[in-house]
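**Student:** Sharing a structure below in structure tokens format, with a few things to ask.
The values are calculated or read from the model by the stated rules, or taken from the named source; none is laboratory data. Quick caveat, the model's predicted, so the values are computed rather than measured. As a convention, Cβ positions derive from the backbone with ideal geometry for all residues, glycine included, and neighbour counts pool all protein chains shown. When the accessible area is computed, the model is the full protein with side chains, heavy atoms only, and any ligands, DNA or RNA have been set aside. Shrake-Rupley method; radii C 1.70, N 1.55, O 1.52, S 1.80 Å.
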Amino acid sequence: MNVETKADSEAARWQDQVYDLLRRYNVTQIAYVPDAGHRILIDRSLADPQVHSVALTTEEEGVALLAGADLGGARGVLLLQSSGVGNCINMLSLTSGGRFPLLALVSMRGDFGEGNPWQYPMGRATQPVLEAMGVICLRADDPDEALRAVGAALTMVYQAGHAVAVLFTQKLLGAKKF
Amino acid sequence: MATSSTSTTLANAIAPCFVLDRREAVPALIGRHDDFLFVAGLAGTSRDIAALTNDAAHVYSMAGAMGGAAMMGLGLALARRDRRVMVLTGDGELLMNLGALATIAVLNPPNLSILVVDNGHYGETGYQKSHTSLGVDLEKIAAGSGIKRTATVEKAADLAGGARLLREGNGTAFVLLRVKPTEPPPFKRDLDPARCRVRFKLALPSPA
């Protein structure tokens, strides 16, 4: 779980903007395993009667869910932590082989300033693993970059039909204190 | 295909209480297949549905990504509330992601039905026993996950009730079909996942 070390209001601003951007692109299925780093996006989706807010038991469910959404002509986003990326690997065969669009927003652990040694293996492997499965990665270290990266990813996914993950780093989210 | 008549015979010998044959029971439960959009799991169930529909465009079948069929059906059902979606999958495929039943139960979309063809074995890899041959009851797991409309179909007299549950009602339905571990229909379907995606989307009319 990420705990924001920056002012909550600052976090709220860019994450609210990300949510509004997703909705402007008509994203209607928002899938996630509960995570502090994505708290604002998750809470906004729960309060939004126009979207399906889908809590998952494991992140690979979200990969399959969003492929099904695409079959039906709907758009979705998967919100996950870097550790959850490891739970998605084989299910990304569906995304890659079927050329399904996929938008994933990843809250990073095990990078800048991480104090929990358990987070390092998957945190360090997140980008190589995603890229090995054909997912393009965009890293964002500050709020401006995050917003620009999500905007770029929406075009890459829903216009060009690619699978893209935006990695929200711990420079952006802050590191949890132990 | 890593199967042989010897392994099928062996599997039959250790599962004498199962009487239904999937080649008859699956078509009987589905009825008019045009009434559904299908997501099928890999191996046996993908051949069941390909044979029944002649590999039609309103079916998306896996040949990998094991454990994804139920969730893919959920995404499709949420996207198209105007259509009834059926997930057709096997015991082994569902066992790989039982959490999907919990996720689906929480949302409980009324236009989603799950039909699990439970032969108690991994037919594709040589008929090794699955957990359902060893005491695991997938209907109880579905009910325990919170799916309210569930049934087990294990004899001919159960088929009509199972068929009704799959196409009627106001919440997600789950039907466990227990069958003999016999071969699914032979059918050479299109295995290209990208071509099948495009085929599905082009054939699906926009919501009314």
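**Student:** Take the residues in the stretch A:21-32 that are free of Cβ contacts under 8 Å to residues at least 60 places away in the same chain and in a helix (DSSP H, G or I); name whichever of them is most open to solvent (accessible area, probe 1.4 Å).
**Tutor:** A:Arg24
**Student:** Could you run through the stretch B:184-207 and say how many residues are touching a residue at least 40 places away in the same chain (Cβ under 8 Å) and either within 12 Å of another protein chain (Cβ to nearest Cβ) or open to solvent by less than 50 Å² (accessible area, probe 1.4 Å) (or both)?
**Tutor:** Selection size over the stretch B:184-207: 14.
**Student:** Might you check whether a residue that is touching a strand residue (DSSP E or B) at 6+ places or on another chain (Cβ under 9 Å) and open to solvent by 10 Å² or more (accessible area, probe 1.4 Å) occurs anywhere in the stretch B:68-75?
**Tutor:** So far as the stretch B:68-75 goes, no, none of its residues is touching a strand residue (DSSP E or B) at 6+ places or on another chain (Cβ under 9 Å) and open to solvent by 10 Å² or more (accessible area, probe 1.4 Å).
**Student:** Just the residues that are out of contact with any strand residue (DSSP E or B) (no Cβ under 8 Å at 6 or more places or on another chain), part of a loop (DSSP other than H, G, I, E, B) and either open to solvent by less than 50 Å² (accessible area, probe 1.4 Å) or closer than 22 Å to B:Leu78 by Cβ (or both), please, taken from the stretch B:153-180.
**Tutor:** Across the stretch B:153-180, the qualifying residues are B:Glu168, B:Asn170.
**Student:** Now for a different question. Out of the stretch A:33-68, which residues are open to solvent by 10 Å² or more (accessible area, probe 1.4 Å), more than 8 Å from every other protein chain (Cβ to nearest Cβ) and not in a loop (DSSP other than H, G, I, E, B)?
**Tutor:** Result: A:Ala36, A:Arg39, A:Ile40, A:Ile42, A:Asp43, A:Arg44, A:Leu46, A:Ser53, A:Glu59.
**Student:** Now a separate question. Of all residues in the stretch B:33-46, how many are open to solvent by 10 Å² or more (accessible area, probe 1.4 Å) and either of a type in the set (Gly, Ala, Ser) or at pLDDT 95 or above (or both)?
**Tutor:** Residues flagged as open to solvent by 10 Å² or more (accessible area, probe 1.4 Å) and either of a type in the set (Gly, Ala, Ser) or at pLDDT 95 or above (or both) within the stretch B:33-46 amount to 5.
**Student:** Going by the conditions given, is B:Thr150 modelled with pLDDT under 95, open to solvent by less than 50 Å² (accessible area, probe 1.4 Å) and more than 23 Å from B:Tyr60 (Cβ to Cβ)?
**Tutor:** For B:Thr150, the condition - modelled with pLDDT under 95, open to solvent by less than 50 Å² (accessible area, probe 1.4 Å) and more than 23 Å from B:Tyr60 (Cβ to Cβ) - is not met.
**Student:** Pick out, from the stretch A:69-178, the strands (runs of 3 or more DSSP E) lying fully within it that include 2 or more residues that are open to solvent by 50 Å² or more (accessible area, probe 1.4 Å) and modelled with pLDDT of 95 or more.
**Tutor:** A:136-140
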